[in-house]
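Report on the structure given below.
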Amino acid sequence: MSADILKTYRSFVADIALVIALVLLGLGLRFNLLYQMNAVIDADEAIVGLMAKHIAEGKPWPIFYYGQHYMGSFEAILAATSFKFLGYSSWALKAVPLIFSGIHIALVYVLARHVTDRRGATVASILTAFGPSALVLWSTMARGGFIELVVIGTLALILASRIILGQSLQIPRQLFFLGLVLGLGWWVNNQIIFYLAPIGLVLGVFLWWAKGFVKSFQYGSLGIFGFFIGGSPFWYANFFTRPRFQSFFLFERASFADVLSHLRGFFAEALPIIFGARQFWSLNDIFQGSSILVYVVYAVVILVVVWGCKRSEQKLVLCLLLLFCLGLPAIFSASQFGSLSQAPRYLLPAYSVLFVLFGSAFSSLQSFRFLPVKLLGCLMFFSLLFVNAMSNFAGAGAIPGQPFVFKGERVAEDHSKLYAWLDSQNYSHILTNYWIGYRVAFETRERITFSRYRGPWVLRIPEYEDLAHESFRPEVYVLTKTEADTVVQGFSQLGYHFRRTNLGPYSVIDLVERDLSQGNELHEVRVMPEQIKTSVGNDKVSALLDANLGTRWASGMPQNQGMVIDIQIAPESPAISGIDIDYGFWLHDAPRELVIEGMDADGEWCVLFDTRVGEAIDYVLEKERLWQIRFAPMAMRQLRLSQQGEDNIFDWSIAEISLFGVETS
């Protein structure tokens, strides 16, 4: 074996050993986080787990994350495989993003070696392995393919770099494979646009300059063909299932004012979180001046990289990475997700490039003979390591809190008492919040399912809602304690008997029955069209009472403050204690802010329901399409519904209205 071959072999072995050590370091940090959390999941992760469970059970594979059509089921498919080998658990679910986080560390090293030496690549991988809390946290979350997308995008940057550097003699084959990877990313999560835009631009210019128009067109066509093959599940769903092109409804551009707002949020809130100077949902630095520190460090990094581009053989690859960084704020701010600046999970692709650029700058600074410049590079490196350590371990550290449910009350970390009690009562279906319900369904393997009670109304598994309509299923409410206080008050005022059982941070309300001995049974109150007057669309009021969900009353113009529906109450009517509002096929036209008032016999108005205060005055049972609003019985002359919100597009529409009253003695 020649000396050059032996040297190359030893270098390769050293690289492999170094990468393995860095991957183990990164996995250790992430495993420690999972251990501290006991791998507790949230509802969005539970949905991925439920998808994986259904796949493992042999049900048809979903193309997209349940209930939305821009995130593919790639992670759920892998989780189904994990369940086969590791068993059904939150640990097995989280094993998928954990493995991909290790792959990401290795790929960052490989990408960095395309623009810098081993020293710079090592620094880049260390910062990835021991990353900011945002990276570490989202390396453990099975939320539909976030860290998987970062891995796919980093691989795409490596393939593009190899083509640019001439390390591949088979450019057509490499372009086809690059297209496959980008197409897969397009299906997994449309954040691949962060990678697709700079890669397409730089490779297009490079091929045109190196191969001419005809060759570049031919090669580019192969890449585009690979892109459609790689993303074939996405395209199949949008071309052959109804409604067609459903994924593209999400690509709504932000308004100019929103773009400016998103851009401010990007630099003032999102970027400090990505850099590690702040934690998710926080506006406070992890220590005083941490945001300024990281901005200064990365400003120096950009200056050094731009300066180094002039004399680097890899300058076109560095230009690709710098263009990627320029695209981050532009694409983020122009999208509807730009409002999520305090929770910038849609900026995780930054971790494909951020530390690679730092590694390149670090290596350049170490190449100087002037000692202070070398020390500057080391100071910057240890400053970022310190920031990363603080973001992971200072205060509560990177451990996320469970989602909020009601007035500052969160989902419980441990549901064991709840499950034991529900099993003891033979209950298999509950009414509860989205964030509680899907986790319950996953952790009980769907032994206990749920229907949504109050918001958020996002529907992921429609079959659960159908179970609520089965007549033999009793109503069982699982609520936080403050929320239960509100519901109990409403039930009491309406004359219901019920049982309340406190289980840790939750209250369970069951055995709900109306007390008919007091003569307070609800009766529907007859309303004629001539009793209804509206401020707009008055010629359509008969549609409110025709028992036909295919017809509707509509405002005829976008929602604005002060739209009113007045219902005159006949003198012989019983005391009014409820109203059903059915939006039929026009749920998107539900009022943005609804206030219901009643006028008593003396002409005094009383607020009965107001969505602006976040809860019913007494008790409201909201369904996705049907709102059943109940309040204390009131003898009234007039009932008023007023729309107090604004919408630039949608009307205010209602398919049916029904009033209910109570005979009082």
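The values are calculated or read from the model by the stated rules, or taken from the named source; none is laboratory data. A quick note: this is a predicted structure, and the numbers were derived from the prediction, not measured. Note: ideal-geometry Cβ built from the backbone for every residue, glycine included; neighbour counts use all protein chains shown. Calculation scope for accessible area: heavy atoms of the full protein, side chains included, ligands and nucleic acids excluded. Shrake-Rupley method; radii C 1.70, N 1.55, O 1.52, S 1.80 Å.
Within the set of pairs 6 or more residues apart or between chains, which connect a residue that is on the phi > 0 side of the Ramachandran plot inside the stretch 280-294 to a residue that is open to solvent by less than 40 Å² (accessible area, probe 1.4 Å) with Cβ atoms less than 6 Å apart?
TRP281/ALA343
Which condition breaks for PHE406 when tested against (1) modelled with pLDDT of 90 or more; (2) in contact with a helix residue (DSSP H, G or I) (Cβ under 8 Å, 6 or more places away or on another chain)?
Every condition holds for PHE406 apart from (1).
For the stretch 236-244, state whether one or more residues are touching a strand residue (DSSP E or B) at 6+ places or on another chain (Cβ under 9 Å) and either closer than 30 Å to LEU180 by Cβ or small (Gly, Ala, Ser) (or both). Don't jump to the end; show me each part of the working.
So the first thing to find is which residues in the stretch 236-244 are touching a strand residue (DSSP E or B) at 6+ places or on another chain (Cβ under 9 Å), and the list is 237.
With either closer than 30 Å to LEU180 by Cβ or small (Gly, Ala, Ser) (or both) added as a condition, the list becomes 237.
Within the stretch 236-244 (the criterion being touching a strand residue (DSSP E or B) at 6+ places or on another chain (Cβ under 9 Å) and either closer than 30 Å to LEU180 by Cβ or small (Gly, Ala, Ser) (or both)), the answer is yes, since at least one residue qualifies.
Does any residue in the stretch 372-393 that is β-branched (Val, Ile, Thr) come within less than 9 Å, Cβ to Cβ, of a residue that is part of a helix (DSSP H, G or I) six or more places away or on a different chain, and which pairs are these?
VAL373/LEU365; VAL373/GLN366; VAL387/PHE275; VAL387/SER290; VAL387/LEU293; VAL387/VAL294; VAL387/VAL297
Just to verify a result, which residue in the stretch 323-340, among those that are open to solvent by less than 30 Å² (accessible area, probe 1.4 Å) and modelled with pLDDT of 90 or more, is nearest to SER261 (Cα to Cα)?
Only one residue fits best here, namely SER333.
I'm checking my understanding of the structure. Among residues of the stretch 591-630 that are surrounded by fewer than 16 Cβ atoms within 10 Å (Cβ to Cβ) and among the small types (Gly, Ala, Ser), which one is modelled with the highest pLDDT?
Here the answer is GLY603.
When you go through SER352, SER363, SER367 one by one, which is the residue that is farther than 30 Å from TYR434 by Cα, touching a helix residue (DSSP H, G or I) at 6+ places or on another chain (Cβ under 7 Å), surrounded by fewer than 24 Cβ atoms within 10 Å (Cβ to Cβ) and not aliphatic (A, V, I, L, M)?
SER363
Counting just the residues of the stretch 411-426 that are open to solvent by 20 Å² or more (accessible area, probe 1.4 Å) and outside any loop (DSSP other than H, G, I, E, B), which one comes out farthest from THR128 (Cα to Cα)?
Of all residues in the stretch 411-426, those open to solvent by 20 Å² or more (accessible area, probe 1.4 Å) come to 413-414, 416-417, 419-421, 423-426.
Going one step further and asking which of them are outside any loop (DSSP other than H, G, I, E, B), we end up with 416-417, 419-421, 423-424.
On the way: SER416: 36, LYS417: 39, TYR419: 39, ALA420: 42, TRP421: 44, ASP423: 45, SER424: 48 Å.
Out of the qualifying residues, it is SER424.
Can you tell me which of (1) open to solvent by 40 Å² or more (accessible area, probe 1.4 Å); (2) within 23 Å of the chain's Cα centre (by Cα) is the one VAL48 doesn't meet?
Result: VAL48 fails condition (1) only.
Being farther than 18 Å from LYS533 by Cβ and acidic (Asp, Glu) is the filter; apply it to the stretch 549-590 and report the residue that is surrounded by the fewest Cβ atoms within 10 Å (Cβ to Cβ).
GLU572
Scan the stretch 436-457 and tell me whether some residue there is crowded, with 19+ Cβ neighbours inside 10 Å, assigned to a loop (DSSP other than H, G, I, E, B) and aromatic (Phe, Trp, Tyr).
Scanning the stretch 436-457 turns up at least one residue that is crowded, with 19+ Cβ neighbours inside 10 Å, assigned to a loop (DSSP other than H, G, I, E, B) and aromatic (Phe, Trp, Tyr).
Could you grab me the full set of residues in the stretch 243-284 that are closer than 15 Å to ALA398 by Cβ, open to solvent by less than 40 Å² (accessible area, probe 1.4 Å) and part of a loop (DSSP other than H, G, I, E, B)?
GLY276, ALA277, ARG278, SER282
Please return the ranges of helices (runs of 4 or more DSSP H) entirely within the stretch 1-100 where 2 or more residues are touching an Asp or Glu at 6+ places or on another chain (Cβ under 8 Å) and modelled with pLDDT of 95 or more.
Result: 43-56, 74-86.
Determine whether GLY226 is under 33 Å from the mean Cα position of the chain (by Cα) and of a type outside the set (D, E, K, R).
yes
Give the residue, chosen from ILE63, ILE16, ILE5, ILE99, that is open to solvent by 30 Å² or more (accessible area, probe 1.4 Å) and touching a Pro at 6+ places or on another chain (Cβ under 7 Å). Steps first, please.
Working: ILE16 fails: touching a Pro at 6+ places or on another chain (Cβ under 7 Å); ILE5 fails: touching a Pro at 6+ places or on another chain (Cβ under 7 Å); ILE99 fails: touching a Pro at 6+ places or on another chain (Cβ under 7 Å).
Selected residue: ILE63, the only one of ILE63, ILE16, ILE5, ILE99 that is open to solvent by 30 Å² or more (accessible area, probe 1.4 Å) and touching a Pro at 6+ places or on another chain (Cβ under 7 Å).
Please go through (1) modelled with pLDDT of 80 or more; (2) not in a strand (DSSP E or B) for GLY490 and return the number of the only condition it doesn't satisfy.
(1)
So the check is Cβ under 8 Å with 6+ separation or different chains; which pairs have a first residue in the stretch 526-537 that's touching a residue at least 12 places away in the same chain (Cβ under 8 Å) and a second one that's surrounded by 13 or more Cβ atoms within 10 Å (Cβ to Cβ) and of a type in the set (Asp, Glu)?
ILE532/ASP566; LYS533/ASP566; THR534/ASP566
Evaluate the following for ILE126: is it over 24 Å from GLN68 (Cα atoms), in a helix (DSSP H, G or I), open to solvent by 10 Å² or more (accessible area, probe 1.4 Å) and of a type outside the set (D, E, K, R)?
Here the answer is yes, as ILE126 does meet what is asked.
Just one of (1) under 16 Å from GLN628 (Cβ atoms); (2) touching a Cys at 6+ places or on another chain (Cβ under 6 Å) trips up TYR583, so point out which.
Tallying (1) under 16 Å from GLN628 (Cβ atoms); (2) touching a Cys at 6+ places or on another chain (Cβ under 6 Å), TYR583 fails exactly one: (2).
For the stretch 135-235, list the helices (runs of 4 or more DSSP H) that sit wholly inside it and hold at least 2 residues that are of a type in the set (Asp, Glu) and crowded, with 24+ Cβ neighbours inside 10 Å; which are they?
Here the list is empty.
Six or more apart or on different chains, Cβ atoms under 6 Å: show the pairs whose first residue is in the stretch 315-344 and free of Cβ contacts under 8 Å to residues at least 60 places away in the same chain and whose second is part of a helix (DSSP H, G or I).
LYS315/CYS309; PHE337/TYR346
What's the total number of residues in the stretch 124-168 that are closer than 21 Å to LEU271 by Cα and β-branched (Val, Ile, Thr)?
Number of matching residues: 8.
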